[in-house]
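This report concerns only the one structure given below.
The values are calculated or read from the model by the stated rules, or taken from the named source; none is laboratory data. Every value quoted in this text rests on a predicted model; they were computed, and no experiment measured them. All Cβ positions, glycine included, derive from the backbone under ideal geometry; neighbour counts span all protein chains shown.
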Protein chains: 2
Amino acid sequence: MPASYAYLGPEGTFTEVALRTLPEVATRELIPYVSVQSALDAVRAGEAEAAFVPIENSVEGGITATLDELVAGTPLMIYREVLLSITFALLVRPGTRLSEVKTVTAHPAAQPQVRNWLKKHLPDVVWESAASNADGARLVQEGRYDAAFAGEFAAARYGLEALETGIHDAENAQTRFVLVGRPARPAAPTGADKTSIVVWQRDDHPGGLRDLLGEFATRGVNLMLLQSRPTGAGIGNYCFCIDAEGHIADRRVAETLTGLKRVCLQVRFLGSYPRADAGPAEVRKPLPGTSDEEFASAADWVTRCQDGRF
Amino acid sequence: MPASYAYLGPEGTFTEVALRTLPEVATRELIPYVSVQSALDAVRAGEAEAAFVPIENSVEGGITATLDELVAGTPLMIYREVLLSITFALLVRPGTRLSEVKTVTAHPAAQPQVRNWLKKHLPDVVWESAASNADGARLVQEGRYDAAFAGEFAAARYGLEALETGIHDAENAQTRFVLVGRPARPAAPTGADKTSIVVWQRDDHPGGLRDLLGEFATRGVNLMLLQSRPTGAGIGNYCFCIDAEGHIADRRVAETLTGLKRVCLQVRFLGSYPRADAGPAEVRKPLPGTSDEEFASAADWVTRCQDGRF
């Protein structure tokens, strides 16, 4: 059996398209799962080497099913991320004209992205939600609906044709996917990395979140995502899913995590991995005083002061 | 020649009284100097082992002559501090009655402390400043003035008697003195220590001082003194003399100094030494997450995350 990657199925969704951008999938068996939870559980159980799931959407924000799975249960780690631009095609059975489309379907998450297009081009159409965009395409193939919003790539798989492509209400709509595995040593820094963590604060006090953000600011670490998630302990009890610029091997990131670990009730490390949105040349330089070299020379200075040599 | 301590003279001032509270003075030659600068220069030149000078007054604040000497020139280090309660006696030649006192003298720094007493008891008296309180007592001995404000201990030395003792406008008026030497390894932590530094910020920007204070707050280090001093580079250019709770051997203090060294233009370490105001039992415990043990275990956790072992 080859090493396998689990992913959020079914086949023919944006998730599969994003997954297939990873070079190593050529040597992996790709196995669709019906939910984020079942895909991640396959990794936890050792049935899959890794799982590929959506985690953040530029229109809707953090994908709570994935965040909640990473926050709780047996720890997992993120090793890769993929950004995919999301535009929809209107798929119909071959020969169908736009004026003949009376019913459309898609996953509910597609709706905010196609709402304006529908209002303009098909104001009287009836919307029915599908379990996934691929499933919607299948239902059109079966004649249940006249048209489906899905990725253009789904047309060939379901014997449909695209009446219209490039449909999106928000410019630059993107979904971020992550490849999640069991904990192991993170890949070495590339110079354009991010670090994901979850933190639970020790107590609820005025300025608590500001103090938490101070841990990052003091070390010159920029935040990329701050998403609060209920802890399940009642209204007002939240933990924070945080993505920060840099790699845990960077001294500014390591000291930030050390500070958070000291002052927070709990911190979960979710991984340091290459950024999909920027290469090393595009990443901002560390703020003055926050490079590895400056950390090292400042620590040397304090050691000399401790010895009275200065 | 025995090891010698320089001190701010002349003999018979509060400085000498404070100096004589240090146990080791029994085996030291004590040499008065005419100014803080000359006493500290004697240390820099190797003519004295250490110098004992006032540095902070609970009524007037930081003593700028001392701060400015520590801020500039060849680096020196503080090894000890002494707190002395300052109350004045009104010294007269034996037999003088209060109604006969028409002129009084003392060092100008004594004036704010005796002003209310004078207004009440000697409203019409003429004040003449002296170079020091001890010098004022000597001038009374010589008949130049009728009375001098000085420490009660000065009476015997100048053949005077105290018409009144315990004179002070502010309750708990205290002066803090420091023993300053050439840089060497600080004494080991006692559990009730303070650390003195001078910092010059990298640039002038909104929130600059708050960022600087964030370096302390993030590591749970409490400030005991923050005194701005002009850098000499023009109006608005200041450095900061800072006393903080804790010892440079404490991890929270060491990390704070490392952070300041990284982000500030310059940091001067002035020493870690026992607090005169509190013993170990009276010192507040480190804030949650800021003890040496918590720093160590948090650093261990980050190392495990870097290795993927958690």
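Determine if region A:219-231 includes at least one residue that is free of Cβ contacts under 8 Å to residues at least 40 places away in the same chain and part of a helix (DSSP H, G or I).
No; the residues of region A:219-231 include none that is free of Cβ contacts under 8 Å to residues at least 40 places away in the same chain and part of a helix (DSSP H, G or I).
Yes/no matrix, rows are residues, columns are (1) over 16 Å from the mean Cα position of the chain (by Cα); (2) part of a helix (DSSP H, G or I):
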{"site": "A:Val25", "(1), (2)": "yes, yes"}
{"site": "A:Ala39", "(1), (2)": "no, yes"}
{"site": "A:Phe52", "(1), (2)": "no, no"}
{"site": "A:Tyr79", "(1), (2)": "no, no"}
{"site": "A:Val82", "(1), (2)": "no, no"}
{"site": "A:Leu91", "(1), (2)": "yes, no"}
{"site": "A:Gln113", "(1), (2)": "yes, yes"}
{"site": "A:Lys120", "(1), (2)": "yes, yes"}
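Go through the residues of region B:228-251 one by one and say whether even a single one is over 30 Å from A:Ile78 (Cβ atoms), at the interface with chain A (Cβ under 9 Å from one of its Cβ atoms) and within 27 Å of the chain's Cα centre (by Cα).
Yes, region B:228-251 contains a residue that is over 30 Å from A:Ile78 (Cβ atoms), at the interface with chain A (Cβ under 9 Å from one of its Cβ atoms) and within 27 Å of the chain's Cα centre (by Cα).
Step by step: first the residues of region B:178-198, then only those that are among the β-branched types (Val, Ile, Thr) and crowded, with 21+ Cβ neighbours inside 10 Å, then the one that is nearest to B:Leu76 (Cα to Cα). Which residue is that?
Taking the candidates together, the pick is B:Val180.
For region B:178-216, name all the residues that are of a type outside the set (Val, Ile, Thr) and assigned to a strand (DSSP E or B). It would help to see each step written out before you state the result.
Here is the first cut: in region B:178-216, the ones of a type outside the set (Val, Ile, Thr) are B:179, B:181-189, B:191-194, B:196, B:200-216.
Within region B:178-216, B:Leu179, B:Gly181, B:Asp193, B:Lys194, B:Ser196, B:Trp200, B:Gln201 meet the criteria.
Tally time: how many residues in region B:199-222 are in contact with an Asp or Glu (Cβ under 7 Å, 6 or more places away or on another chain) and surrounded by fewer than 20 Cβ atoms within 10 Å (Cβ to Cβ)?
Of the residues in that region, 1 qualify.
Across region B:256-291, which residue is nearest to B:Ala187 (Cα to Cα) among those that are in contact with a Phe, Trp or Tyr (Cβ under 7 Å, 6 or more places away or on another chain) and of a type outside the set (A, V, I, L, M)?
B:Tyr273
Output the residues belonging to region A:261-298 that are within 7 Å of chain B (Cβ to nearest Cβ), crowded, with 17+ Cβ neighbours inside 10 Å and not hydroxyl-bearing (Ser, Thr, Tyr).
Listed by number, the residues that qualify are A:Lys261, A:Arg262, A:Val263, A:Phe269, A:Gly289, A:Glu294, A:Phe295, A:Ala298.
What residue, among those in region B:152-185 that are closer than 30 Å to A:Gly308 by Cβ and aliphatic (A, V, I, L, M), is nearest to the chain's Cα centre (by Cα)? Don't jump to the end; show me each part of the working.
Here is the first cut: in region B:152-185, the residues closer than 30 Å to A:Gly308 by Cβ are B:174-185.
Remaining after also requiring aliphatic (A, V, I, L, M): B:178-180, B:184.
Working: B:Val178: 5, B:Leu179: 9, B:Val180: 10, B:Ala184: 20 Å.
Step by step, filter region B:152-185, then rank; the result is B:Val178.
Does at least one position in region A:58-77 carry a residue that is touching a Gly at 6+ places or on another chain (Cβ under 9 Å), modelled with pLDDT of 95 or more and not assigned by TED's automatic domain parsing to the domain that holds A:Asp243?
yes
Would you call B:Val59 under 15 Å from the mean Cα position of the chain (by Cα), of a type outside the set (S, T, N, Q) and assigned to a loop (DSSP other than H, G, I, E, B)?
Against the criterion (under 15 Å from the mean Cα position of the chain (by Cα), of a type outside the set (S, T, N, Q) and assigned to a loop (DSSP other than H, G, I, E, B)), B:Val59 qualifies.
Can we say A:Asp277 is assigned to a loop (DSSP other than H, G, I, E, B), modelled with pLDDT under 95 and under 26 Å from the mean Cα position of the chain (by Cα)? Give the steps one after another, and end with the answer.
Working: assigned to a loop (DSSP other than H, G, I, E, B): yes; modelled with pLDDT under 95: yes; under 26 Å from the mean Cα position of the chain (by Cα): yes.
Here the answer is yes, as A:Asp277 does meet what is asked.
Looking at region A:166-177, can you tell me whether even one residue there is at pLDDT 95 or above, farther than 30 Å from A:Thr74 by Cα, away from chain B (no Cβ under 14 Å) and not in a strand (DSSP E or B)?
Among the residues of region A:166-177, not one is at pLDDT 95 or above, farther than 30 Å from A:Thr74 by Cα, away from chain B (no Cβ under 14 Å) and not in a strand (DSSP E or B), which makes the answer no.
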